[in-house]
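Chemist: Got a structure for you, written out below as C-alpha cells; questions coming shortly.
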Amino acid sequence: MRVFLFLAAFLCGLPSFAASRCDVNVPTQIAELQQVRLAYQSIGRESDPALLLVMGLGGQLIHWPDEVVVALCEQGYRVIRYDNRDVGLSSWVQPPANANLTYEVLRFKLGLQVSAPYSLTDMADDALGLMDALHVRQFHVLGASMGGMIAQHLADLAPQRIESLTLIMTSSGAQGLPMPNPALLQLLAKRGAPNREAALEQQADLLAALGSPQVKDDRALLLQQAATSYDRAFNPEGVKRQILAILAEPSRVELLDRLRLPVLVVHGTADPLLPVMHGVHVAAHIQGSQLRLIPGLAHRFQEAFKAPLLGAVLPYLRAQHEDGRHMAQL
C-alpha cells in the first residue's frame, strides 16, 4: 500500500516537475569572461542539449518571450538566454573618444569604411566564452536579427561545436539588398531622451514601427514593455555602439557559402527593417538550409505571430533533438 501511495504521489507530481524544469523565473547569473561580463539565465536541465538564444540590436534577454522560452525548453532543450555586451546587465563598453554615430552613418552611406569599438565577431566570441564558462561543448543556436548575424559568426568560428542553427529575421549583409524603411531608420537613430517618460514614448514608437501592418498594437502595452526594459537597464549609448558594429561589418556571403551544418532560416514577408529578400538571400547561400516565410510577420515577436513562429521553429528543433538522441544511442 505504501508503494502504491508513493507511486501515486510521484505521478501526480509529474506536471509540476515539468513546469519547474522549464521555469523562466530562475535567477539571472553573471559569467565573468576575459573581456566582458555577461548576464544570463539557464532554463532546463543541465543534462539536456543546450540551445543558446542570441538577441538582436538593443535587446535584452527578457525580450525573448517567456512562453517561447518555455516551448523551446519543453522540446527537451536547456535554453540559455543572455544580454549581449552593452545592453541589459552585461558589461557596458567604454566608447573611444572619437566615436561619432552620425559621422560613421554618413561614411556607411558613402560606401566608406566604418569605425566601430568592437565587431560582431567579438560578440560571437562573447557567446563562445559564455558557453565555455558553462562547460557546454556542443550546442544549438537560435539568433534573431543582429543576433542572427552574430550566430552566423558563431557557426563559422566554431563549426565543430554548433549542432544546428536557426536564423530569424536576419541578413547576410550583402550589398544590393533592399534598404530598411527610411522612417524606421530615423526612429532607430533617435536614442537620446531627456527623461524616462520621453524614453518610453520613443521606444513605444519604435516598437510600433517594427510591428506588422496586419496588427493594431495596444499603445498601453507597448509603453508597459518599454517601461520593463527601461527599468531593468537603459543604455542608449551601448545601442549606438552595436549599430556601429553592424555598419562596420562586411558582407557575410563568403562565410555563409562555407557553412556545413543544419540551418533553418525564418523570415517575415512584412519586415520593414530587413525586407524579406534578406532572409531569402541568407538561405540561398547556405547549402542545404531550410527556408520558412511567415506571411505578415514583421520585425517583432508580436502575439499574433508567436504561434506561426513556433510552428516553423519547433518541428525543426524537435527533429534536431531526435537526431541528436539517436546519434547518442548509436
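Chemist: Give the range 153-174 a look and list any residue that's in a helix (DSSP H, G or I) and either among the hydroxyl-bearing types (Ser, Thr, Tyr) or open to solvent by 10 Å² or more (accessible area, probe 1.4 Å) (or both), or say none.
Modeler: His153, Asp156, Leu157
Chemist: Could I ask something else about it? Quick check, is Leu273 in contact with a helix residue (DSSP H, G or I) (Cβ under 9 Å, 6 or more places away or on another chain) and modelled with pLDDT under 95?
Modeler: Here the answer is no, as Leu273 does not meet what is asked.
Chemist: Please find, among His285, His281, His267, the residue that is under 20 Å from Val68 (Cα atoms) and of a type outside the set (S, T, N, Q).
Modeler: So the residue among His285, His281, His267 that is under 20 Å from Val68 (Cα atoms) and of a type outside the set (S, T, N, Q) is His267.
Chemist: For Leu177, indicate whether it is assigned to a loop (DSSP other than H, G, I, E, B) and either polar (S, T, N, Q) or under 30 Å from Leu314 (Cβ atoms) (or both).
Modeler: Against the criterion (assigned to a loop (DSSP other than H, G, I, E, B) and either polar (S, T, N, Q) or under 30 Å from Leu314 (Cβ atoms) (or both)), Leu177 qualifies.
Chemist: Please name all residue pairs, on different chains or six or more residues apart, with Cβ atoms under 8 Å, provided the first residue is in the range 200-219 and is under 18 Å from His267 (Cα atoms) and the second residue is among the acidic types (Asp, Glu) and in a loop (DSSP other than H, G, I, E, B).
Modeler: Leu207/Asp217; Gly211/Asp217
Chemist: Determine which single condition Glu67 fails, assuming it passes every other condition in (1) open to solvent by less than 40 Å² (accessible area, probe 1.4 Å); (2) farther than 19 Å from Val136 by Cα; (3) outside any loop (DSSP other than H, G, I, E, B).
Modeler: Checking Glu67 against (1) open to solvent by less than 40 Å² (accessible area, probe 1.4 Å); (2) farther than 19 Å from Val136 by Cα; (3) outside any loop (DSSP other than H, G, I, E, B), the one that fails is (1).
Chemist: Based on this model, can you work out whether Ala127 counts as at pLDDT 95 or above and either open to solvent by less than 50 Å² (accessible area, probe 1.4 Å) or of a type in the set (A, V, I, L, M, F, W, C) (or both)?
Modeler: So Ala127 passes the test.
Chemist: Quick one: in the range 27-41, of everything that is in a loop (DSSP other than H, G, I, E, B), modelled with pLDDT of 95 or more and open to solvent by 40 Å² or more (accessible area, probe 1.4 Å), which residue is nearest to Trp92 (Cα to Cα)?
Modeler: My answer is Thr28.
Chemist: Go through (1) surrounded by 18 or more Cβ atoms within 10 Å (Cβ to Cβ); (2) within 30 Å of Thr28 (Cβ to Cβ) for Val282 and report which single condition fails.
Modeler: Of everything listed in (1) surrounded by 18 or more Cβ atoms within 10 Å (Cβ to Cβ); (2) within 30 Å of Thr28 (Cβ to Cβ), Val282 misses just condition (2).
Chemist: So the check is Cβ under 8 Å with 6+ separation or different chains; which pairs have a first residue in the range 28-54 that's farther than 19 Å from Trp64 by Cβ and a second one that's among the β-branched types (Val, Ile, Thr) and open to solvent by 10 Å² or more (accessible area, probe 1.4 Å)?
Modeler: Val36/Val93; Arg37/Ile30
Chemist: Does Leu89 meet the test of being closer than 21 Å to Gln302 by Cα and at pLDDT 95 or above?
Modeler: No; evaluated as a whole, the condition is false for this residue.
Chemist: Tally up the residues in the range 222-246 that are among the aliphatic types (A, V, I, L, M) and open to solvent by 30 Å² or more (accessible area, probe 1.4 Å), please.
Modeler: Summing the residues that are among the aliphatic types (A, V, I, L, M) and open to solvent by 30 Å² or more (accessible area, probe 1.4 Å) in the range 222-246 gives 2.
Chemist: Please tell me if Pro95 is at pLDDT 95 or above and open to solvent by 60 Å² or more (accessible area, probe 1.4 Å).
Modeler: no
Chemist: Please state which of the following conditions Phe108 fails to meet, knowing it meets all the rest: (1) open to solvent by 20 Å² or more (accessible area, probe 1.4 Å); (2) in a helix (DSSP H, G or I); (3) modelled with pLDDT of 95 or more.
Modeler: With (1) open to solvent by 20 Å² or more (accessible area, probe 1.4 Å); (2) in a helix (DSSP H, G or I); (3) modelled with pLDDT of 95 or more applied to Phe108, the lone miss is (3).
Chemist: Give me the residue from the range 189-221 that is part of a helix (DSSP H, G or I) and charged (D, E, K, R) and, out of that set, most open to solvent (accessible area, probe 1.4 Å).
Modeler: The selected residue is Glu197.
The values are calculated or read from the model by the stated rules, or taken from the named source; none is laboratory data. Everything numeric here is computed off the predicted structure, so don't read it as measured data. When we count neighbours, we look across all protein chains shown, and the Cβ atoms used for this are built from the backbone with ideal geometry, even at glycine. Areas reflect the complete protein model, heavy atoms only, side chains present, ligands, DNA and RNA absent. Shrake-Rupley method; radii C 1.70, N 1.55, O 1.52, S 1.80 Å.
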